[in-house]
1. Take the Cα atoms of the chain, build their convex hull, and give its volume per residue in Å³.
2. So how do Arg194, Arg154 rank on accessible area, 1.4 Å probe, biggest first, that is with the largest at the start?
3. Compute the distance in nm between two label points, each set 7 Å from the Cα along the Cα-to-Cβ direction, one at Met166 and one at Lys93.
4. Taking square-rooted eigenvalues a ≥ b ≥ c of the alpha carbon gyration tensor, is segment 158-200 rounded, prolate or oblate, where a/c under 1.5 means rounded and, failing that, a/b exceeding b/c means prolate?
5. For Lys92, go through the lysines and keep the ones whose alpha-carbon is under 27 Å away, minus same-chain ones fewer than eight residues off.
6. If N is the number of residues in segment 40-146, what value comes out of its Cα radius of gyration divided by 2.2 N^0.38 Å?
7. Apply the membrane-span-like helix rule to the chain: whole DSSP H runs, Cα extent along the own long axis of at least 20 Å, mean Kyte-Doolittle hydropathy at least -0.5. List the helices found.
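The values are calculated or read from the model by the stated rules, or taken from the named source; none is laboratory data. What you are looking at is a predicted structure, and each value in this text was computed from that prediction instead of being measured. Methodologically, a virtual Cβ is constructed for each residue, glycine included, from the backbone with ideal geometry; neighbour enumeration extends over all protein chains shown. Note: areas computed on protein heavy atoms with side chains; ligands, DNA, RNA excluded. Shrake-Rupley method; radii C 1.70, N 1.55, O 1.52, S 1.80 Å.
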Amino acid sequence: MEYILIFISAIFVNNIVLAQFLGICPFLGVSKKVDTALGMSAAVAFVMTLATIVTYIVQKTVLDAYGLQYLQTIAFILVIASLVQLVEIILKKVSPVLYQALGIFLPLITTNCAVLGVAILVIQKDYSFVESVVYALSTAVGFGLALTVFAGIREQLELTNVPKGMRGVAIVMITAGLLSLAFMGFSGVDGGLRTMFGMD
């Protein structure tokens, strides 16, 4: 039940983009088309999960063991950058079609602060290894959901007669704000579920 609560909370209640405001750059920059948003979501899900697994192991076996916790951010950035490069090399060799489909998205993930944010959050929340993996996967799903819904809305806005003063960045920001407000409607759901199942 704990894993289900982590899953629901990460996707809806504490959405990484709309509630915690991490990963805003790709959210605003790669959300013009739904196809592009789906490609970015898949790439982020893969790298975020893999990065969380590796950074968790690095934290527990190296940083905590040798009292090097102050190097956490630098170590995690290096791990994420290395993983993205490794994934890029492997995909280029193993699956050139998938590599071509992801295109520029893979290198962009290195600068996506949501990946680093999740890696640090699992340590701060003191999750177990399995909980960390579930949290990373569900956060990636939440990121993908927000990105895809936003891309769909932006595609619809292209077909709408938006007032001249509101076109471009203005309407994008207003739409992002309204989407964030919509997701605020889920706040308290995780607490309600905990009470319902007697987990408090």
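1. 131
2. The most accessible residue leads, giving Arg194, Arg154.
3. Those two pseudo-labels are separated by 5.3 nm.
4. Prolate.
5. Partners within reach: Lys32, Lys33.
6. Here the answer is 1.06, to two decimals.
7. Helices passing the filter in the chain: 34-58, 72-94, 129-158, 169-184.
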